[in-house]
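Participant: I have a structure I would like to understand better, so I am pasting it below and will then ask my questions one at a time.
Taken together, the values in this text are just the output of simple stated rules run on the coordinates, not laboratory data. Everything numeric here is computed off the predicted structure, so don't read it as measured data. Ideal geometry is used to build each Cβ from the backbone, glycine not excepted, and the neighbour counts take in all protein chains shown.
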């Protein structure tokens, strides 16, 4: 995760907006580079964003959908109010100053 933190423009718990599809969401995971299948990339990532840059797992506001988004399609949301999504409480423990805080789990 250190490599991701150094190269990723956005971070976990940050409220973002998709620049192409205009939805808000919250980042709940980050991959340092594309890590899904070639088939998904060929069929879904139609603008062919770079695979060697960070990709983000995003909970979409007012939905039960999560998305996998290339960094170049994200921007910081103007509206940083709470996100309505059924998985919020699974990943985050609090919402402070427009940002979600991850649940801290103890290693076993």
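Participant: Calculate for the chain the 222 nm mean residue ellipticity that helices alone would give, adding -39,500 (n - 2.57) per DSSP H run of length 4 or more and normalising by residue count, nearest 500 deg cm²/dmol.
Facilitator: Helix contribution divided over all residues of the chain: -3500 deg cm²/dmol.
Participant: So how do 21-34, 69-82 stack up, highest first, on mean other-Cβ count within 10 Å? Let's see the in-between values first.
Facilitator: Values: 21-34: 17.9, 69-82: 15.4.
Most protected by this proxy first, the peptides run 21-34, 69-82.
Participant: Given the peptides 41-47, 89-95, 59-65, 8-14, arrange them by the average over their residues of other C-beta atoms within 10 Å, most packed first.
Facilitator: On the way: 41-47: 11.3, 89-95: 13.7, 59-65: 15.7, 8-14: 18.3.
Packing order, densest peptide first, comes out as 8-14, 59-65, 89-95, 41-47.
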